[in-house]
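The values are calculated or read from the model by the stated rules, or taken from the named source; none is laboratory data. Since the model is a prediction, treat every value here as computed from it, not as a measurement. Quick reminder, even Gly has a Cβ in these numbers, built from the backbone with ideal geometry, and neighbours come from all protein chains shown. Note: areas computed on protein heavy atoms with side chains; ligands, DNA, RNA excluded. Shrake-Rupley method; radii C 1.70, N 1.55, O 1.52, S 1.80 Å.
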Amino acid sequence: MNTIVEANRLEKHYGGFKALSGVSMSIPQGEITGLIGPNGAGKTTTLKAMIGLCDVEGELSVAGRDPRIARHQLMHDVCFIADVGILPKWLRVNQLLDYVDAVHPRFDRNRATKFLGSTEIPPRKRIRELSKGMVTQLHLAIVMAIDVKLLILDEPTLGLDIVYRKEFYDRLLNDYYVGNRTIVISTHQVEEIEALLTHLLFINRGKIVLDAHMSELETLFTEVIVKPDQLTQADGLGPIHKRELLGKKAYIYEAVPRAQLEHLGEVGTPSVADLFVAKMKEGSSVNPLSDSMKSSNDE
């Protein structure tokens, strides 16, 4: 399988804080990858390094280029959206289209205009006068009109209600994604993007702790609702996480054959959200899920 991003042992320090500590990962071409981790885990630093906005140590290749020395050429093939709130609020909608049309050689203005025609966004209205939902739609219009190899989204629906979040991802999947494009999404709303993803990256404390295709999760991880009389045996097989579930106990195992677990109780595959909690809690007494739900950009 071809890869569009290859990173090997990326390191980044901010004073005494180590934001990245040997990040190594491969992002396959044509996949929808979720980069998921708690606040301060290194998500934003990793994404900024991929587009040349953050200098890092280590080996890094994005779309066949090193973003640290070829950022201008790279941005012809990459589109980055950090937050729906970053659009210049003083511009009118049609002026924003003028700007993008002038600076990006792969922007199709006709396509953007056609998309905006299906919304209630007035073309001469200033961006600061738009609702958050309208700004989301405007972002989508721009994104889907740019023909790039790699689209990077860093918390693209932060602060939006569930209706607009769902619309954002539905339109992104149905109107933008095709097999030769790659999308990388970093978000705290794990459950909302699980159905979209084909590839999964978990990052914690500046390190990648999981790099797997979604189709591999069933063979790598198993969740068991353990029978009350099997708890001792279940503990002996080394679960990576345990939790209470409606008066029962759910155990998650990694790299343990399902044949060894079937006698313990009801066997299944953990959700991405439950797997995220399990991997973040490995070796830590802190509850990362509660941290990850806080809004912060200090990464």
Could you check, for region 41-64, whether at least one of its residues is touching a Ser or Thr at 6+ places or on another chain (Cβ under 8 Å), under 12 Å from Lys207 (Cα atoms), modelled with pLDDT of 95 or more and basic (Lys, Arg)? no
Give the residues of region 129-161 that are crowded, with 19+ Cβ neighbours inside 10 Å, closer than 23 Å to His188 by Cα and out of contact with any helix residue (DSSP H, G or I) (no Cβ under 6 Å at 6 or more places or on another chain), sorted by residue number. Met134, Gln137, Leu138, Val143, Leu150, Leu151, Leu153, Glu155, Pro156
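I'd like the full set of residues that are farther than 26 Å from Leu74 by Cβ and open to solvent by less than 80 Å² (accessible area, probe 1.4 Å), limited to region 105-117.
Thr113, Leu116, Gly117
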Selection from region 118-128 of residues open to solvent by 70 Å² or more (accessible area, probe 1.4 Å) and assigned to a helix (DSSP H, G or I) yields Arg128
Test for Gly30: is it touching a strand residue (DSSP E or B) at 6+ places or on another chain (Cβ under 8 Å) and assigned to a strand (DSSP E or B): no
Filter region 58-85 for residues that are among the aliphatic types (A, V, I, L, M) and either closer than 21 Å to Tyr176 by Cα or in contact (Cβ under 8 Å) with a residue 60 or more places away in the chain (or both) and give the result. Val62, Ala63, Leu74, Met75, Val78, Ile81, Ala82, Val84
For residues in region 264-283 being under 23 Å from the mean Cα position of the chain (by Cα) and farther than 13 Å from Phe202 by Cβ, which is surrounded by the most Cβ atoms within 10 Å (Cβ to Cβ)? Thr269
If I ask for residues that are open to solvent by 10 Å² or more (accessible area, probe 1.4 Å) and either in contact (Cβ under 8 Å) with a residue 40 or more places away in the chain or in a strand (DSSP E or B) (or both), which ones from region 8-24 would you list? Asn8, Arg9, Glu11, Lys12, His13, Tyr14, Phe17, Lys18, Ser21, Gly22, Ser24
Complete set of residues in region 38-81 that are open to solvent by less than 30 Å² (accessible area, probe 1.4 Å) and part of a loop (DSSP other than H, G, I, E, B): Pro38, Gly40, Ala41, Gly42, Ile51, Gly52, Cys54, Val56, Ala63, Pro67, Ala70, Asp77
Do the conditions hold for Ala102, that is, is it farther than 23 Å from Thr44 by Cβ, buried (at least 17 other Cβ atoms within 10 Å of the Cβ) and of a type outside the set (Phe, Trp, Tyr)? no
Residues of region 249-283 being more than 15 Å from Met214 (Cα to Cα) and either in a strand (DSSP E or B) or without any contact (Cβ under 8 Å) to a residue 12 or more places away in the chain (or both), which ones? Lys249, Ala250, Tyr251, Ile252, Tyr253, Pro257, Ala259, Glu262, Gly265, Glu266, Val267, Gly283
When region 242-263 is checked residue by residue, the ones that are in contact with a Phe, Trp or Tyr (Cβ under 8 Å, 6 or more places away or on another chain) and open to solvent by less than 60 Å² (accessible area, probe 1.4 Å) are Ile252, Tyr253, Leu261
So which residues in region 209-241 are touching an Asp or Glu at 6+ places or on another chain (Cβ under 8 Å) and open to solvent by 60 Å² or more (accessible area, probe 1.4 Å), if there are any at all? Leu220
Among the aliphatic types (A, V, I, L, M), under 18 Å from the mean Cα position of the chain (by Cα) and within 25 Å of Leu74 (Cβ to Cβ): which single residue out of Leu160, Leu150 fits that description? Leu150
